[in-house]
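Trainee: There's a structure below that I have some questions on.
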Amino acid sequence: QVQLVESGGGLVQAGGSLRLSCAASGRTFSSYAVGWFRQAPGKEREFVSRISGSTIYSDSVKGRFTISRENAKNTVYLQMSSLKPEDTAVYYCAATLKTYNIRSWVGYDYWGQGTQVTVSS
């Protein structure tokens, strides 16, 4: 079992930055791939980024967001820069041992409760 807790969300002006954290329980967390997803009101949950042995990003955030992990702290980060109003959403981190469906929410087994990010224009 893995429990995930996101933090770091908030209100920021367009062009600003935020760093989200995903803190996990479990001694084997370093074995898990971790993804970040986001969901805006009325929209489907959208893949943002993933880290396992490598990192991948959606086209909409590539070059602006950076995912990283600190295994000693059981924490994964999402550094978000050059934020846009369209980045406004609830951001979720998720963990999995699966190696398929890596850009889909169905590929992840454990989820955090989410943290709100609001970007004002």
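Trainee: Answer rounded, prolate or oblate for segment 65-115, using the Cα gyration tensor with square roots of eigenvalues a ≥ b ≥ c: rounded when a/c is under 1.5, else prolate when a/b is larger than b/c, else oblate.
Mentor: It is oblate, given that a/c is not under 1.5 and a/b is not larger than b/c.
Trainee: Once you place label points 7 Å from the Cα toward the Cβ at Ala72 and Ser54, how far apart are they in nm?
Mentor: The two pseudo-label positions are separated by 2.8 nm.
Trainee: Then there is this: What is the Cα centroid distance between segment 1-52 and segment 72-105, reported in whole angstrom?
Mentor: 4 Å
Trainee: Sticking with this one: How would you order 97-104, 50-57 from highest to lowest mean count of nearby Cβ atoms within 10 Å? Can you show the working numbers first?
Mentor: Working: 97-104: 11.9, 50-57: 14.4.
Ranking, from highest mean packing down: 50-57, 97-104.
Trainee: Mind checking which of Ser25, Ser81, Ser54 is farthest towards the positive end of the chain's charge dipole, using Cβ charges of +1 (Lys, Arg) and -1 (Asp, Glu) about the Cα centre?
Mentor: Ser54
Trainee: Using 0.36 nm per residue, how much length does the chain from Gln13 to Gln1 gain when fully extended, once their Cα-Cα distance is taken away?
Mentor: Result: 0.6 nm gained on full extension.
Trainee: Would you mind computing, in nm to one decimal, how far apart the modelled labels at Thr118 and Ser81 are, each placed 7 Å from Cα along Cα→Cβ?
Mentor: Going by the 7 Å Cα→Cβ label model, 2.6 nm.
Taken together, the values in this text are just the output of simple stated rules run on the coordinates, not laboratory data. Not measured: the values here are computed from a predicted model. Glycine also receives a Cβ, built like all others from the backbone with ideal geometry; neighbour counts cover every protein chain displayed.
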